[in-house]
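The values are calculated or read from the model by the stated rules, or taken from the named source; none is laboratory data. Please read these numbers as outputs of a predicted model, since none were measured by experiment. Here the Cβ positions follow ideal geometry from the backbone for every residue, glycine too, while neighbour counts run over all protein chains shown. These accessible areas exclude ligands, DNA and RNA; they are computed on the full protein's heavy atoms, side chains included. Shrake-Rupley method; radii C 1.70, N 1.55, O 1.52, S 1.80 Å.
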Amino acid sequence: MIINPTFRFQNKSALPVPFRVRSCGHYLIKEKVWHDRVLKKNFLQLFWGIRGVAKLRCGDHDMLLTPEHVCFYLPGDTHEVSLVEPPLEYCFLTVFGEYLDVLIQGFRIGREPHKAGPCPMELFESLNIHLHDYSTRGEYLASADAYKILCLAAAGEKVENSIAERFKNIVSENLSDPTLHPANIAKMLNIHPTTLTRNIHAATGMNPMEYITAWRMQLVLSMIRTSGRSFKEIAEEAGFANANYLAKVFRKKFGISPSEFRNGSENTDE
């Protein structure tokens, strides 16, 4: 059966939102044989598996939707969904709009399933409520719920005790240590520095030293703005060898000195 499906029937909106939510729903199929209608559709559809297995065919390619995984149909795809292993349960949402291509590119959305963790049922329930609200406020809030769901899907599952998570813990616990360096951390993790670099770049988009520096500069910015501590003290707390080195890194990063930032003359969007 289908639980709480919701569809918006307006084709136009006065709101200048980058994308609009068209529908959402919660499917629970207990039959031994089931398949959805085969249709070509011009919107983006997300599927989030809860239990059981579904097969999503796209052309000559089959995708399996399994628990805690997400997959997509892209605009223009012919949707062909069938049951593989009952009971099948999943949530879905569909979106469309003028900037849908930008959304797909920004979230790096592809058809292949990937693990994203437990389905955020509370967000799908909230989306269902807001889709029933045909006010301007309801449309904004529906877009916000959909965006959160897409963010969670894109972020993927947090893997405990992974190389990236252990690296992040070491950095946060030893940030004030000026000898903290990727090579030392690799030794602590008993892995090759290249392996560390590959894993951290995949998880953060930065190399390990860039990640460490980003953490340090975030702490520096906060302390400059919220405390009257000297730059010498701030440098020590953030793991810089001295205030001069802090000033050098700060100017390279932001184009101004720490003193100029403290005095409110910053010219940066960081």
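Among the residues making up segment 86-129, those that are within 19 Å of the chain's Cα centre (by Cα), farther than 19 Å from Ala155 by Cβ and either open to solvent by less than 60 Å² (accessible area, probe 1.4 Å) or touching a residue at least 40 places away in the same chain (Cβ under 8 Å) (or both) are Thr94, Tyr99, Leu100. Residues in segment 219-231 that are in contact (Cβ under 8 Å) with a residue 12 or more places away in the chain and within 32 Å of the chain's Cα centre (by Cα): Leu219, Val220, Leu221, Met223, Ile224, Arg225.
Just the residues that are free of Cβ contacts under 8 Å to residues at least 24 places away in the same chain and basic (Lys, Arg), please, taken from segment 232-255. Lys232, Lys248, Arg251, Lys252 - these are the residues of segment 232-255 that are free of Cβ contacts under 8 Å to residues at least 24 places away in the same chain and basic (Lys, Arg).
Against the test of being part of a loop (DSSP other than H, G, I, E, B) and farther than 30 Å from Ala155 by Cβ, the options Gly239, Gly228 yield a single qualifying residue, Gly228. Any residue at all in segment 185-204 that is among the β-branched types (Val, Ile, Thr), touching a helix residue (DSSP H, G or I) at 6+ places or on another chain (Cβ under 7 Å) and open to solvent by less than 20 Å² (accessible area, probe 1.4 Å)? Looking for residues that are among the β-branched types (Val, Ile, Thr), touching a helix residue (DSSP H, G or I) at 6+ places or on another chain (Cβ under 7 Å) and open to solvent by less than 20 Å² (accessible area, probe 1.4 Å), one finds at least one in segment 185-204, hence yes. When residues in segment 67-81 are screened for being more than 20 Å from the chain's Cα centre (by Cα) and either part of a loop (DSSP other than H, G, I, E, B) or over 17 Å from Val53 (Cα atoms) (or both), 4 of them pass. Restricting Glu68, Glu31 to residues that are open to solvent by 40 Å² or more (accessible area, probe 1.4 Å), acidic (Asp, Glu) and either in contact with a Gly (Cβ under 8 Å, 6 or more places away or on another chain) or under 21 Å from Phe96 (Cβ atoms) (or both) narrows the list to Glu68.
Take the conditions under 30 Å from Gln45 (Cα atoms), open to solvent by 50 Å² or more (accessible area, probe 1.4 Å), part of a helix (DSSP H, G or I) and touching a helix residue (DSSP H, G or I) at 6+ places or on another chain (Cβ under 6 Å) and apply them to Ala142. Does it pass? In short, no. Scanning segment 155-167 for residues that are open to solvent by 50 Å² or more (accessible area, probe 1.4 Å) and in a helix (DSSP H, G or I) yields a count of 2. Among the residues of segment 209-244, those that are open to solvent by 20 Å² or more (accessible area, probe 1.4 Å) and among the charged types (D, E, K, R) comprise Glu210, Arg225, Arg229, Lys232, Glu233, Glu236, Glu237.
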